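What follows is a short report on a single structure.
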Amino acid sequence: MVDKWTAEDVPDQRGRVAVVTGANTGIGFETAKVLAARGAAVVLAVRDTAKGERAAGRITAAAPSADVTVRHLDLTSLDSVRAAADQLRAGLPRIDLLINNAGVMYTPKSTTADGFELQLGTNHLGHFALTGLLLDRMLTVEGSRVVTVSSLAHDLRAAIDLNDLQWERRSYSRVGAYGQSKLANLQFTYELQRRLAEKSPTVAVAAHPGLASTELIRNSVFVVRTFVRAFNPLISQPADRGALPTLRAATDPDVRGGEYYGPRGLRELRGYPVRVRSNRLSHDEFLQRGLWAASEELTGVTFPV
């Protein structure tokens with residue numbers, strides 16, 4: 001595999017269709033911009049369609065021939081997820097790439113429209129439901145991939161408590177809840193890959209951006225925001241570099257299902273994208289299956305695999 005993989009290594013994407021959640025800003029925007037510039041038809045699935053239209057305008061300004069559309073998707077509402085999936089299914093006979101990128105981070109304790117803890121509901125359950133509702137548009141498409149964006153935080157005070165996924169019995173921790181949601185992203189990827197392995201050319205892959213300069217940090221506690229801002233040039237990387245692990249997971253021909261990509265630098269904070277390892281809990285098959293069953297029950301969405 002290429003050691004210093006960059007956006008210039010993204011293969012020609014003409015003829016491919018990509019759906020990118022949270023694509024109006026940050027990692028999602030940079031991912032969508034590169035895919036569109038390489039010829040993919042890209043759908044920006046976003047909560048704020050006005051911001052999405054502005055993002056689409058920036059993409060087409062840089063690449064006038066880019067094929068970019070905007071669709072409304074609010075991952076905090078299963079009704080919105082279902083409506084978005086219905087609209088996408090009606091307009092897209094095939095999907096080559098589904099990039100589950102959107103997310104929230106370190107939010108105060110609150111719930112989604114369906115009563116789910118906000119970080120789990122947005123980062124995992126919303127994407128779980130969206131993937132299940134769109135997967136049949138991918139299962140016969142050679143080279144199709146579901147790429148889910150996780151985080152280094154999957155190993156930071158993170159655990160999957162199947163008896164208290166919604167933090168109703170524990171004292172709420174912003175950090176712990178975010179870590180749980182990012183650990184869930186990985187467990188979802190690995191369980192989905194196991195289900196896909198012998199039945200479809202579609203594969204499931206995960207990625208993380210390291211420490212990237214995006215809007216996500218806005219909900220962090222004061223000391224974290226202060227530290228990151230003070231040392232930002234030394235420990236983080238811009239959003240376009242943070243998008244590279246996602247782009248590699250989505251487009252590198254050498255990628256295999258069940259792999260995980262992140263920066264290769266010190267503690268995976270920054271650097272060129274390479275295959276990396278996730279923690280032991282992420283590979284716990286009992287927890288993977290338990291989370292899957294709980295996610296199906298909570299969302300009411302079952303998968304065609």
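Read-outs: derived from the displayed coordinates by stated rules, not from any lab. Please read all numbers here as calculations on a predicted model, not as lab measurements. Glycine gets a Cβ as well: all are built from the backbone with ideal geometry, and neighbour counts include every protein chain shown.
Things worth noting here:
- Cα-based Lys pair tally, the chain, threshold under 30 Å, eight or more apart or on separate chains: 8
- Percentage relative contact order, the stretch 237-305, counting C-alpha pairs under 8 Å, at least six apart: 22
- Phi angles of the stretch 291-296 translate, via the Karplus equation with coefficients 6.51, -1.76, 1.60 and θ = phi - 60°, into HN-Hα couplings of 5, 4, 4, 5, 5, 4 Hz per residue; Gly and Pro are given as x.
- DSSP bridge orientation in the chain - percent antiparallel, rounded to nearest 5: 15
- Label-to-label distance for L281 and R54 is 3.7 nm, based on points extended 7 Å past Cα in the beta-carbon direction.
- If R0 is taken as 35 Å, the Cβ-Cβ distance between E168 and R94 corresponds to a FRET efficiency of 0.30.
- Spin-label zone in the stretch 124-142 - amide nitrogen under 20 Å from a point set 7 Å from the Cα of A83 along the C-beta vector: 125-134
- Using just its DSSP H runs of length 4 or more, each adding -39500 (n - 2.57), the chain gives a mean residue ellipticity at 222 nm of -11500 deg cm²/dmol after division by all residues.
- Computed across the stretch 247-305, the Kirkwood radius stands at 13.9 Å (inverse of mean 1/r, all Cα pairs).
- Result for the chain in a Gaussian network model with C-alpha springs under 10 Å: among L88, L266, L287, the largest mean-square fluctuation is at L266.
- Label sites at H72 and A113, each approximated as a point 7 angstrom past Cα along Cα to Cβ, lie 0.9 nm apart.
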